[in-house]
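**Student:** My questions all concern the structure below.
Just so it is clear, none of the values below were taken in a lab; they were calculated from the coordinates. These figures come from a predicted structure and were not determined experimentally. Heads up, the Cβs are rebuilt from the backbone with ideal geometry, glycines too, and the neighbour counts pull from every protein chain shown.
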Amino acid sequence: MRTTLIAATLASTVTAFSATSSYAAELEMTLTNLTHGSHFTPVLVAAHPADQHFFQAGEMASVQMQSIAEGGDISGLQTALEGLGAPLVANPAGGLMAPGSSVSFMLDSGDNPVLSLAAMILPSNDGFVGYDSWMIPEEAGTYTLYLKAWDAGTEANDEIINGGGANGAPGIPVAPGGDGGMNGTGVMDGSMNDMVHIHPGVLGDTDPQGGMSDLDSRIHRWLNPVAKLVITVK
């Protein structure tokens, strides 16, 4: 059974003041891509009711979250959030976020108590960076979250770049840096975990004209955390 509305709780390290639930009006945020060679697709950030979720660890990803994780399409989740009247920021970087890049933006959370974020990691089959339901503190201050990569559990991690990106279509849409290979035979992903879980990472290889993977292990592999989100509550 798929989770309500939106899709696994992003494990994170929170460096901040101790805080309880909140109704902070104004949030100033800066998101940084910490990876060596991976891009983030358009990011979706929203404040929303506590009984709704982008994703939940150990649960099946929603169709909307699957669309983000496999193809970077935030429109379905954005529409669902807008139906709730949830304040959100969509695609603050105006496109892909390259490795090492940052983007800053503002969000008025209104009376919504939690904040969530999601974006696909490219190139990957169904990997995403995200955070589900961070409790917005009542106390003003600056809070730092270190975000891990998640696997939506909706597609095998074959590491083949073939333009795939539609829900259920195997393969990776593209390597945005133009640094992907071709003619890979495909990584044999024996995982049976179809729930949202911590991403096992990219294997890759060093053969751009073949091998088992179209990803370059010298460029596209990552270690957690993959992003940093600094939130100033005003």
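**Student:** Quick one: if the Förster radius is 41 Å, what FRET efficiency do E26 and V63 give, using the C-beta to C-beta distance and rounding to 0.05? Can you show the working numbers first?
**Tutor:** Values: r = 32 Å, r/R0 = 0.78.
Step by step, r from the Cβ atoms, then E = 0.80.
**Student:** Within region 113-140, whose backbone N sits under 20 Å from a point 7 Å along Cα→Cβ of L84?
**Tutor:** The answer is 113-120, 128-138.
**Student:** Tell me, L88, L122 in order of fewest to most beta-carbon neighbours within 10 Å?
**Tutor:** L88, L122
**Student:** As an exercise, use a Förster radius of 25 Å and the Cβ-Cβ distance of L203 and S101 to find the FRET efficiency, rounded to the nearest 0.05.
**Tutor:** Numbers: r = 25 Å, r/R0 = 1.00.
About 0.50, to the nearest 0.05.
**Student:** Between N162 and T142, 0.36 nm times their residue separation minus their Cα-Cα distance comes to what?
**Tutor:** My answer for the length gained is 3.0 nm.
**Student:** Count the net charge of all other residues whose Cβ sits under 12 Å from the Cβ of A25, scoring Lys and Arg as +1 and Asp and Glu as -1.
**Tutor:** Around A25, the surrounding residues sum to -4.
**Student:** Run the numbers on region 97-197 and let me know its relative contact order in percent, using alpha-carbon pairs under 8 Å that are six or more apart.
**Tutor:** Answer for region 97-197 is 23 percent.
**Student:** Then there is this: Return the distance in nm (one decimal) between the two label points of a simple spin-label model at S75 and D189, each offset 7 Å from Cα along Cα→Cβ.
**Tutor:** 2.4 nm
**Student:** Moving to a separate point now. As a test of the formula, what do you get for the chain when each DSSP H run with n ≥ 4 contributes -39,500 (n - 2.57) and the sum is divided by the residue count, at 222 nm and rounded to the nearest 500 deg cm²/dmol?
**Tutor:** It lands at -2500 deg cm²/dmol.
**Student:** Restricting the calculation to Cα positions, tell me the Rg (one decimal) and the Dmax (whole number) of the chain in Å.
**Tutor:** Just the Cα atoms of the chain yield Rg and Dmax of 17.1, 54 Å.
**Student:** Something else: If you keep only loop residues by DSSP, which trypsin sites (Lys or Arg not before Pro) in region 139-223 have at most 12 other Cβ atoms within 10 Å of their Cβ?
**Tutor:** R218
**Student:** Can you sort H36, H220 by how many other beta carbons sit within 10 Å, fewest first?
**Tutor:** Working: H36 14, H220 27.
Going from least to most buried by this count: H36, H220.
**Student:** Taking only the C-alpha atoms, wrap a convex hull around region 101-234 and report its volume per residue in Å³ as a whole number.
**Tutor:** 123 Å³
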